[in-house]
1. Please specify each residue of the range 164-181 satisfying the condition of being surrounded by fewer than 19 Cβ atoms within 10 Å (Cβ to Cβ) and either assigned to a strand (DSSP E or B) or within 16 Å of the chain's Cα centre (by Cα) (or both).
2. Condition first: free of Cβ contacts under 8 Å to residues at least 24 places away in the same chain and within 19 Å of His117 (Cβ to Cβ). Now tell me which residues in the range 74-101 satisfy that.
3. If you check Phe151, Phe141, Phe190, which single one turns out to be surrounded by fewer than 19 Cβ atoms within 10 Å (Cβ to Cβ), touching a residue at least 12 places away in the same chain (Cβ under 8 Å) and aromatic (Phe, Trp, Tyr)?
4. Just one of (1) open to solvent by less than 30 Å² (accessible area, probe 1.4 Å); (2) out of contact with any Ser or Thr (no Cβ under 9 Å at 6 or more places or on another chain); (3) assigned to a loop (DSSP other than H, G, I, E, B) trips up Gln107, so point out which.
5. Would you mind stating whether Trp62 is in contact with a Phe, Trp or Tyr (Cβ under 7 Å, 6 or more places away or on another chain), aromatic (Phe, Trp, Tyr), in contact (Cβ under 8 Å) with a residue 12 or more places away in the chain and open to solvent by less than 30 Å² (accessible area, probe 1.4 Å)?
6. How about the range 76-104: which of its residues are farther than 14 Å from Tyr22 by Cβ and open to solvent by less than 50 Å² (accessible area, probe 1.4 Å)?
7. Give me a count of the residues in the range 207-233 that are open to solvent by 20 Å² or more (accessible area, probe 1.4 Å) and aliphatic (A, V, I, L, M).
8. Filter the range 207-244 down to the residues that are in a loop (DSSP other than H, G, I, E, B) and hydrophobic (A, V, I, L, M, F, W, C), then identify the one that is farthest from the chain's Cα centre (by Cα).
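The values are calculated or read from the model by the stated rules, or taken from the named source; none is laboratory data. Everything numeric in this text was worked out from a predicted model, so none of it was measured. FYI the Cβ positions are ideal-geometry reconstructions off the backbone, even for glycines, and counts take in every protein chain you see. For the accessible areas, the whole protein counts, side chains as well, though only heavy atoms, and no ligand, DNA or RNA atoms are used. Shrake-Rupley method; radii C 1.70, N 1.55, O 1.52, S 1.80 Å.
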Amino acid sequence: MTTDPVRAVPVLMPDAGPPLDYYLVQPGLSGRDPTATVEGIVVEEFTRHHDFTTTGLDSAGWTPEAGWWSSAALSRGIRTDPEMLTRVLPTSRREAEDVHRALGGGQLPAEKVLRTHFLDHQPIATAPPLRLGPAQPPDGFHERRVYRVLFAKDLRAEQVASLRTAWRTPAGGTAASAATGRLDEHGDQFTWDLRRVGHSLAWCLDVTALLRTDATAALGSTLSELTNVLRRNGLIPVTTERFA
């Protein structure tokens, strides 16, 4: 992966996680065991169109008492219920393995086994891409795409500052963007802007891709890696939409 040495940094992190997303669930205020720090584990995976937009979400939850179970309502609640949002924390597979073992579940199953517990699919409505910005790409590029990744939960000021440093956001920036970044790879150009959405605890990442090559895999990996960076900072991805 090559980058602009001044404005861009590689998105791929050394601890980039596996395809599945892992979350820890803390006890609620009415939890039965006030000494417990973690109540259970949630494992998720988005389904996507060929253009990387979201079509649905599969998930499974695990608690020591009930074992593995699947519920589309759980996926919705994690993203829409304020009480659930405060209890769910994004985590790595390694930490999920430690928690699963500590709660008496033994070794966490392999991901192909975890997928067998995805029994209640949550569809996510999609629509043809909206046209946002110029229809034609700049000279030298054959395609321009614009994506928006929506996230639930909030970022602390120090987390935003860390992202600005990692992405080499220019000092000052714009009032509309909390952090921005850029990546040049094999002639393709990717730029992104992190913004707060509305008046609720929500954020979005707008990614513009100018494609000179036919390597759309680079686009998919960039979207995935950026999403994972924000998930590791505590945000919960909701959907990926396309605007061009």
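1. Keep residues of the range 164-181 that are surrounded by fewer than 19 Cβ atoms within 10 Å (Cβ to Cβ), which gives 165-166, 168, 170-177.
Within the range 164-181, none qualify.
2. Hits for the range 74-101 are Gly77, Glu97, Arg101.
3. Values: Phe151 fails: surrounded by fewer than 19 Cβ atoms within 10 Å (Cβ to Cβ); Phe190 fails: surrounded by fewer than 19 Cβ atoms within 10 Å (Cβ to Cβ).
Of the residues listed, the single one that is surrounded by fewer than 19 Cβ atoms within 10 Å (Cβ to Cβ), touching a residue at least 12 places away in the same chain (Cβ under 8 Å) and aromatic (Phe, Trp, Tyr) is Phe141.
4. Here Gln107 clears every test but (1).
5. On the way: in contact with a Phe, Trp or Tyr (Cβ under 7 Å, 6 or more places away or on another chain): yes; aromatic (Phe, Trp, Tyr): yes; in contact (Cβ under 8 Å) with a residue 12 or more places away in the chain: yes; open to solvent by less than 30 Å² (accessible area, probe 1.4 Å): yes.
It is true that Trp62 is in contact with a Phe, Trp or Tyr (Cβ under 7 Å, 6 or more places away or on another chain), aromatic (Phe, Trp, Tyr), in contact (Cβ under 8 Å) with a residue 12 or more places away in the chain and open to solvent by less than 30 Å² (accessible area, probe 1.4 Å).
6. Gly77, Arg79, Met84, Leu85, Arg87
7. The number of residues fulfilling the criteria is 3.
8. Residues of the range 207-244 in a loop (DSSP other than H, G, I, E, B): 212-215, 233-235, 243-244.
From the residues that got through so far, the ones that are hydrophobic (A, V, I, L, M, F, W, C) too are 215, 235, 243-244.
Details: Ala215: 22, Leu235: 7, Phe243: 18, Ala244: 20 Å.
Among them, the one singled out is Ala215.
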